[in-house]
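To start, the structure itself, in structure tokens.
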Amino acid sequence: MTLRIVTVGSRKSGKTFLTNKLLGSNNFQTDIMKTINQYVNGIEYKTIIQDLHRTERFEGLQTNHCRGVDGVLLVFNVSDQQSFKSCSQFIKDIKDKSNAVITLIGNKWEDIREVNADEAVEFAQMHNATYYEIERPEAQMKEIYEKLVQSIVQKKNNAE
Ligand SMILES: Nc1nc2c(ncn2[C@@H]2O[C@H](COP(=O)(O)OP(=O)(O)O)[C@@H](O)[C@H]2O)c(=O)[nH]1
Ligand SMILES: [Mg+2]
């Protein structure tokens, strides 16, 4: 079983930056499609992470590649209220097209805060998503990805 995970979110929210941190590389400015093998309860799962630059020119197109995905990393910039606001529509589109487990990520790398952690947590809960705020991408991304894969496997097992 191969699990497919995609990044979604406003332009410049940090999707590619965070994906590169997850992969431990710095090379990608354009499309990323990489395989990550991940163990859950002793079973190895193959996951594919997709961060598609070319879908971003029109934000509405991003969710086209969400059809049938297993997981979504939905990224906004904590310093940009608009990027958080746009998550509502993204979530709607994602849910139309998939049964994905959604991880909401507040990327924080500037000093300005326009989105409170509380409202992000509340928003995530409302949509059955998990919220993480990222200040140390190197340290946090791997764990966040692991947890997402665990949740996907759990959801699939429960559905059986
Ligand atoms: N230092 C730092 N820069 C970031 C971070 N997230 C995004 N950036 C910068 O913000 C810009 C846009 O990020 P990018 O990942 O390309 O956004 P995308 O359009 O969502 O893929 C790039 O110049 C990044 O280097 C972060 O967590 N820390
Ligand atoms: Mg990008």
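Overview of results
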{"item": "Odd one out for Leu18, checked against (1) modelled with pLDDT under 95; (2) within 8 Å of ligand 1 (Cβ to nearest atom)", "result": "(1)"}
{"item": "Number of positions in region 13-29 that are within 9 Å of ligand 2 (Cβ to nearest atom) and within 22 Å of Ser86 (Cα to Cα)", "result": "6"}
{"item": "Helices (runs of 4 or more DSSP H) enclosed by region 68-160 - at least 1 residues per element that are within 15 Å of Thr7 (Cα to Cα)", "result": "81-85, 87-97, 137-159"}
{"item": "Some residue of region 63-71 being free of Cβ contacts under 8 Å to residues at least 40 places away in the same chain, closer than 24 Å to His127 by Cβ and more than 13 Å from ligand 1 (Cβ to nearest atom)", "result": "yes"}
{"item": "Pair list, Cβ < 8 Å and 6+ apart or interchain, from region 34-49 residues that are without any contact (Cβ under 8 Å) to a residue 40 or more places away in the chain to residues that are of a type in the set (Ser, Thr, Tyr)", "result": "Thr35/Thr47; Asn37/Tyr45; Asn37/Thr47; Tyr39/Tyr45"}
{"item": "Yes/no for Ile32 being within 14 Å of ligand 1 (Cβ to nearest atom) and either touching an Asp or Glu at 6+ places or on another chain (Cβ under 8 Å) or of a type outside the set (A, V, I, L, M) (or both)", "result": "yes"}
{"item": "Within region 55-95, tally of residues that are modelled with pLDDT of 95 or more and of a type in the set (Asp, Glu)", "result": "2"}
{"item": "Residue satisfying all of: in region 136-149; among the acidic types (Asp, Glu) and modelled with pLDDT of 95 or more; surrounded by the most Cβ atoms within 10 Å (Cβ to Cβ) among these", "result": "Glu146"}
{"item": "Matching option when the condition is away from ligand 2 (no atom under 16 Å from the Cβ) and out of contact with any helix residue (DSSP H, G or I) (no Cβ under 6 Å at 6 or more places or on another chain), among Lys85, Lys97", "result": "Lys85"}
{"item": "Candidate set: region 89-119, residues that are farther than 24 Å from Gln140 by Cα and exposed (fewer than 14 other Cβ atoms within 10 Å of the Cβ); chosen: the one farthest from the chain's Cα centre (by Cα)", "result": "Asp96"}
{"item": "Test for Leu61: is it closer than 21 Å to Gln89 by Cβ, more than 14 Å from the chain's Cα centre (by Cα) and within 16 Å of ligand 2 (Cβ to nearest atom)", "result": "yes"}
{"item": "Meets criteria (of a type outside the set (D, E, K, R), touching a residue at least 12 places away in the same chain (Cβ under 8 Å), part of a helix (DSSP H, G or I) and buried (at least 19 other Cβ atoms within 10 Å of the Cβ)) for Ser13", "result": "no"}
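The values are calculated or read from the model by the stated rules, or taken from the named source; none is laboratory data. Note that the structure is predicted; figures quoted are calculated from it, not measured. Cβ sites come from the backbone with ideal geometry, for glycine too, and all protein chains shown count toward neighbours.
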